[in-house]
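Taking it in order: structure first as structure tokens, then the write-up.
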Ligand SMILES: *[C@@H]1O[C@H](CO)[C@@H](O)[C@H](O)[C@H]1NC(C)=O
Ligand SMILES: *[C@@H]1O[C@H](CO)[C@@H](O)[C@H](O)[C@H]1NC(C)=O
Ligand SMILES: *[C@@H]1O[C@H](CO)[C@@H](O)[C@H](O)[C@H]1NC(C)=O
Ligand SMILES: *[C@@H]1O[C@H](CO)[C@@H](O)[C@H](O)[C@H]1NC(C)=O
Ligand SMILES: *[C@@H]1O[C@H](CO)[C@@H](O)[C@H](O)[C@H]1NC(C)=O
């Protein structure tokens, strides 16, 4: 089978052959235009190649005449892209590029502490120029910082004339009796502004209340303010539970609320106990009573194993629970061995 298309094509070739030798449509070269551009040319007709905008000729013929042979001469014209000026280095920044040829675009970024003064990309134009103009990386700086109300500058050193540079810091301090809300330090950011300013507020504390069985002293003033102090004490035989000195905190409360706790009266007449890791005579060590919070360890006997162990007891607000295992012998029972004289049990 012979396809109808093939028959049509063959007859067309035959027709051209007998009509005299015309030149065919000329070769299409990359990045070049041909004028005039037609499907065939009669012998003697001229064509001209020219490089497209943005491309330049690197030698080779441009003008051709259709010869009687009907065959275009071999074309050696070469069009290559225009090259823009070298732009591979950006001071204090970097450039991303493949080549600096038309029609490529290159992009810019600045190092930390610098900002782009100009555009972040530029294109190599048909004319072989960068558009828009190449940017520069300019150092970031912050103007002198504002000073919060009730605050003073503690550390401030402008490093760029009257301005501060990226990452420079400024430290504030509140006026006396003012508490700071936020960070005392601000930093010059990459946006050329400062991080959030702290706030200084006047803070009042209520008058501290007197503890039962004790007293409290504080400044004789109309109001008590941040950092003001109060001191506590207890009447005899009472012990302060908490610090002697408290301070008005930034929350408007006192740092602690000490109480007075009763001492313990001794119910044991004779015993050797462990106190702060030492063996002491209980009745001598605590002849004035045990203070609130004091801890001792009593010795007890393990009758089966004939050894001794200890149990702890603590004076809590006038009350101490003597361990049940502790046995106090009458002073008349001289033949009995006290637990503290028995060898200690060895824990397993
Ligand atoms: C910025 O560039 C200049 C010149 O190349 C150089 O001396 C300087 O150290 C750079 N600054 C920074 C912070 O990189
Ligand atoms: C930013 O660029 C413009 C134009 O090139 C120039 O006039 C200006 O001084 C530059 N600013 C800085 C801070 O470099
Ligand atoms: C800094 O500020 C002072 C007062 O405003 C001004 O007189 C001086 O010229 C400034 N210096 C610089 C380097 O900008
Ligand atoms: C205050 O800010 C500095 C710097 O940003 C930071 O190092 C510091 O931890 C901050 N302090 C507090 C209490 O948040
Ligand atoms: C600093 O400037 C940036 C960008 O404009 C903004 O997002 C930020 O909120 C500013 N910071 C402060 C503390 O004003």
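The values are calculated or read from the model by the stated rules, or taken from the named source; none is laboratory data. Since the model is a prediction, treat every value here as computed from it, not as a measurement. Here Cβ is always computed from backbone atoms with ideal geometry, including for glycine, and neighbour counts include all displayed protein chains.
Things worth noting here:
- Contacts under 7 angstrom Cβ, first residue in segment 155-180 being under 16 Å from residue 112 (Cβ atoms), partner more than 16 Å from ligand 2 (Cβ to nearest atom) and in a strand (DSSP E or B), 6 or more apart: 167/187; 169/185; 169/186; 169/187
- Residue match in segment 184-192 (condition: crowded, with 17+ Cβ neighbours inside 10 Å, within 16 Å of ligand 1 (Cβ to nearest atom) and modelled with pLDDT of 95 or more): yes
- Lone unmet requirement of (1) in contact with a strand residue (DSSP E or B) (Cβ under 7 Å, 6 or more places away or on another chain); (2) more than 30 Å from residue 135 (Cβ to Cβ) for residue 80: (2)
- Residues located in segment 267-306, provided they are surrounded by 15 or more Cβ atoms within 10 Å (Cβ to Cβ) and under 16 Å from residue 337 (Cα atoms): 271, 272, 273, 298, 299, 300, 301
- For segment 133-146, the candidate set comprises residues that are more than 16 Å from ligand 2 (Cβ to nearest atom) and surrounded by fewer than 16 Cβ atoms within 10 Å (Cβ to Cβ); within that set, the residue that is nearest to residue 169 (Cα to Cα) is 144.
- Enumeration of residues in segment 88-109 that are surrounded by 16 or more Cβ atoms within 10 Å (Cβ to Cβ) and in contact (Cβ under 8 Å) with a residue 40 or more places away in the chain: 90, 93, 102
- Yes/no for residue 136 being more than 16 Å from ligand 3 (Cβ to nearest atom), within 23 Å of residue 188 (Cα to Cα) and touching a residue at least 12 places away in the same chain (Cβ under 8 Å): yes
- The listed residue being within 16 Å of ligand 4 (Cβ to nearest atom) and either in contact (Cβ under 8 Å) with a residue 24 or more places away in the chain or touching a strand residue (DSSP E or B) at 6+ places or on another chain (Cβ under 8 Å) (or both), out of 224, 197: 197
- Boolean, residue 34 is within 30 Å of residue 138 (Cα to Cα) and surrounded by 15 or more Cβ atoms within 10 Å (Cβ to Cβ): no
- Residue within segment 94-116 that is out of contact with any strand residue (DSSP E or B) (no Cβ under 9 Å at 6 or more places or on another chain), under 21 Å from residue 53 (Cβ atoms) and in a loop (DSSP other than H, G, I, E, B) present: no
- Leading residue by the ranking (farthest from ligand 3 (Cβ to nearest atom)) among those in segment 194-226 that are more than 24 Å from residue 176 (Cβ to Cβ) and surrounded by fewer than 14 Cβ atoms within 10 Å (Cβ to Cβ): 212
- In summary, residue 130 fulfils each of the numbered conditions (1) more than 30 Å from residue 31 (Cα to Cα); (2) in contact with a strand residue (DSSP E or B) (Cβ under 7 Å, 6 or more places away or on another chain); (3) within 16 Å of ligand 2 (Cβ to nearest atom) with the single exception of condition (1).
- Sole residue being in contact with a helix residue (DSSP H, G or I) (Cβ under 9 Å, 6 or more places away or on another chain) and either farther than 18 Å from residue 66 by Cα or at pLDDT below 95 (or both), chosen from 22, 39: 22
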